[in-house]
Amino acid sequence: DFSSFRTNEYPQAAVNPVNGRIYVTYDNKGSSFDRADVFFVYSSNSGATWSTPIKVNSDATTNDQWMPTIAVTPDGARFMIGWYDRRSDSLNNFIERWGRIGIDNGNTGNAVTFLPDFAISPQFLPEFGRDNMVNSVYMGEYDQMAADNNFFYTAWGDNRDDLTVSGET
């Protein structure tokens, strides 16, 4: 259940090293009954103004998408956003990691375009409530992404292994 663990908008930002464009991704309430979608905005003038938010996840469900990460390639040509996604589970419980690559078109009228989104991981169940010493509702705040000019690299907690931690109460 999405409401059983903590999630907020938690924006992540990246700066294009070539043209200085600032990219920001975050999750927020979607339209109508959709509790969480992933959005993207950018600024081409050091944050003085921002683009209209773009919904990154392309599903037509009201299932949850949240905790996005972002990285941009060193050559500034592409960036990628990754997030948790429940679109494949009609009960809105199982999670997958999804991603979408964006293209920076430079100073054209359409500065940013996106390729189709895609699944990165198989489905897994949410995992939380194990660490009562720090916070029992943590899941996902530590997800990160990096890039070189050829590949994107991402790390996330997907909980497919049965974790048994000795000494934890």
- prompt: Taking the stretch 109-126, which residues are open to solvent by 50 Å² or more (accessible area, probe 1.4 Å), in a loop (DSSP other than H, G, I, E, B) and at pLDDT 75 or above?
  reply: ASN110, LEU115, PRO116, ILE120, PRO122, GLN123, LEU125
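Here's the yes/no breakdown for (1) aromatic (Phe, Trp, Tyr); (2) under 19 Å from VAL24 (Cα atoms); (3) modelled with pLDDT of 90 or more; (4) open to solvent by 50 Å² or more (accessible area, probe 1.4 Å):
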{"position": "GLY106", "(1), (2), (3), (4)": "no, yes, no, no"}
{"position": "PHE128", "(1), (2), (3), (4)": "yes, no, no, yes"}
{"position": "ASN132", "(1), (2), (3), (4)": "no, no, no, yes"}
{"position": "GLY167", "(1), (2), (3), (4)": "no, no, no, yes"}
field: Residues of the stretch 9-30 satisfying the condition of being of a type in the set (Gly, Ala, Ser) and in contact with a Lys or Arg (Cβ under 9 Å, 6 or more places away or on another chain)
entry: GLY30
message: So TRP66 passes all but one of these: (1) part of a strand (DSSP E or B); (2) under 24 Å from ASP148 (Cα atoms). Which condition number does it fail?
response: (2)
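Residue-wise test of (1) open to solvent by 70 Å² or more (accessible area, probe 1.4 Å); (2) in contact (Cβ under 8 Å) with a residue 40 or more places away in the chain.
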{"position": "SER31", "(1), (2)": "yes, no"}
{"position": "ASP34", "(1), (2)": "no, no"}
{"position": "TYR42", "(1), (2)": "no, yes"}
{"position": "ILE54", "(1), (2)": "no, yes"}
{"position": "ASP75", "(1), (2)": "yes, yes"}
{"position": "GLU96", "(1), (2)": "no, no"}
{"position": "GLY99", "(1), (2)": "no, yes"}
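The values are calculated or read from the model by the stated rules, or taken from the named source; none is laboratory data. These numbers were taken from a predicted model, which means no experiment stands behind them. Please note: Cβ atoms are built from the backbone with ideal geometry, for glycine as well, and neighbour counts cover all protein chains shown. Heads up: the accessible areas ignore ligands, DNA and RNA and are worked out on the full protein's heavy atoms, side chains in. Shrake-Rupley method; radii C 1.70, N 1.55, O 1.52, S 1.80 Å.
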